[in-house]
Amino acid sequence: MQQLPPQPAFILHSRPFRDSSLILELFTPDYGRIACIAKGARRDKQRRQRALQPFSPLLVTLLGRHDLKTLGPLESAGQPMWLKGRAVYAGLYANELLVRLLPEGESLLSVFAGYQELLHALADVSGEHNAELELPLRRFELNLLQSLGSCPELGFSPIVNEPIRSEIAYRLTLEDGFVPVVTGPERSPRVDEFYGEQLLAMAQLLDEQGGSEVPAGEIGGAALSAAKRLSRLLLQPLLGNRPLKSRELFRQVYSSG
């Protein structure tokens with residue numbers, strides 16, 4: 001049986017398979033999203049099942065020649081990320097996005113690095129306020145969309161062949177990226193329109209990916225709110241009409257919050 005070299009991995013999703021096994025959706029640096037069977041995992045509660053938890057860095061060995069691999073030996077590759085409260089649902093949301101959007105078997109190193117950074121940030125979330133989640137989630141979403149080729153360049157407008165200017169507004173178009181528009185005091189911006197300063201702040205957010213934290217003064221609440229609106233617009237055609245289960249679960253739990 002063919003054996004792939006050991007890989008760092010995170011478990012994105014698991015589901016029962018036959019009487020005692022699990023089918024796992026793994027996220028790895030070299031193979032991207034890849035499915036495998038964990039034979040007997042539901043029966044082996046003292047060892048494997050405890051290890052096969054989301055948000056825990058693993059080192060896995062995959063066996064087999066077919067698309068659906070078999071999980072071989074595995075070991076912990078670091079401390080599990082102990083997410084609490086709303087951070088748990090943010091992590092489940094990220095996992096669901098990766099399962100829904102990543103092509104199977106395609107390496108996307110920038111997304112893997114961004115996912116690791118997100119988990120570290122979520123592990124540091126201490127409170128029950130959504131504000132703590134905004135910056136790491138918006139960075140993760142924009143990085144994912146950019147890596148998939150589904151996010152226009154944030155710092156440049158190809159239609160006018162010039163950098164984004166902070167003092168004017170732009171409309172998102174699928175064909176031409178961000179196009180300058182004329183706004184006035186009596187006209188409210190549309191949902192697909194963004195101020196240049198907001199787009200530049202988003203570009204800064206991605207420039208800091210994997211580096212030092214973005215200074216709080218440079219990424220304000222208005223820019224994060226705009227980044228959330230942009231991510232929703234770009235994610236909708238990729239996700240289609242099927243709602244995200246993690247988002248619905250979050251609403252059920254925190255509907256009174």
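The values are calculated or read from the model by the stated rules, or taken from the named source; none is laboratory data. Source: prediction; values computed, not measured. Here the Cβ positions follow ideal geometry from the backbone for every residue, glycine too, while neighbour counts run over all protein chains shown. Note: accessible area is taken over every heavy atom of the protein model, side chains too, but ligands, DNA and RNA are not part of it. Shrake-Rupley method; radii C 1.70, N 1.55, O 1.52, S 1.80 Å.
The table below gives the values:
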{"quantity": "Residue match in the stretch 34-54 (condition: farther than 26 Å from residue 250 by Cβ, within 21 Å of the chain's Cα centre (by Cα) and open to solvent by 50 Å² or more (accessible area, probe 1.4 Å))", "calculated": "no"}
{"quantity": "Breaking point among (1) over 22 Å from residue 117 (Cβ atoms); (2) open to solvent by 30 Å² or more (accessible area, probe 1.4 Å); (3) at pLDDT 90 or above; (4) aliphatic (A, V, I, L, M), for residue 238", "calculated": "(1)"}
{"quantity": "Subset tally (residues that are in a strand (DSSP E or B) and open to solvent by less than 20 Å² (accessible area, probe 1.4 Å)) for the stretch 161-178", "calculated": "4"}
{"quantity": "Close pairs from the stretch 222-241: first assigned to a helix (DSSP H, G or I), partner acidic (Asp, Glu), Cβ under 7 Å, at least 6 apart", "calculated": "224/134; 231/141; 233/192"}
{"quantity": "Looking only at the stretch 87-129, and only at residues there that are among the hydroxyl-bearing types (Ser, Thr, Tyr) and not in a loop (DSSP other than H, G, I, E, B), the one that is surrounded by the fewest Cβ atoms within 10 Å (Cβ to Cβ)", "calculated": "110"}
{"quantity": "Strands (runs of 3 or more DSSP E) enclosed by the stretch 10-85 - at least 2 residues per element that are closer than 19 Å to residue 109 by Cα and touching a residue at least 24 places away in the same chain (Cβ under 8 Å)", "calculated": "21-28, 32-38, 58-63"}
{"quantity": "The stretch 6-32: number of residues that are closer than 15 Å to residue 70 by Cβ and open to solvent by 80 Å² or more (accessible area, probe 1.4 Å)", "calculated": "1"}
{"quantity": "Residues satisfying the stated conditions in the stretch 130-140, i.e. assigned to a helix (DSSP H, G or I) and open to solvent by 50 Å² or more (accessible area, probe 1.4 Å)", "calculated": "131, 132"}
{"quantity": "Hey, residue 57 under 30 Å from residue 230 (Cα atoms), open to solvent by less than 50 Å² (accessible area, probe 1.4 Å) and not charged (D, E, K, R) or not", "calculated": "no"}
{"quantity": "Whichever residue in the stretch 141-151 is without any contact (Cβ under 8 Å) to a residue 60 or more places away in the chain and open to solvent by 30 Å² or more (accessible area, probe 1.4 Å) and, among such residues, is nearest to residue 236 (Cα to Cα)", "calculated": "149"}
{"quantity": "Test result for residue 225, closer than 23 Å to residue 13 by Cα, out of contact with any strand residue (DSSP E or B) (no Cβ under 7 Å at 6 or more places or on another chain) and at pLDDT 85 or above", "calculated": "no"}
{"quantity": "Matching residues in the stretch 200-221 - criterion: being of a type in the set (A, V, I, L, M), at pLDDT 80 or above and either open to solvent by 40 Å² or more (accessible area, probe 1.4 Å) or in a loop (DSSP other than H, G, I, E, B) (or both)", "calculated": "200"}
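Here's the yes/no breakdown for (1) at pLDDT below 90; (2) among the β-branched types (Val, Ile, Thr); (3) under 30 Å from residue 130 (Cβ atoms):
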{"site": "9", "(1), (2), (3)": "no, no, yes"}
{"site": "39", "(1), (2), (3)": "yes, no, no"}
{"site": "49", "(1), (2), (3)": "yes, no, no"}
{"site": "53", "(1), (2), (3)": "yes, no, yes"}
{"site": "57", "(1), (2), (3)": "no, no, yes"}
{"site": "67", "(1), (2), (3)": "yes, no, no"}
{"site": "70", "(1), (2), (3)": "no, yes, no"}
{"site": "87", "(1), (2), (3)": "no, no, yes"}
{"site": "91", "(1), (2), (3)": "no, no, yes"}
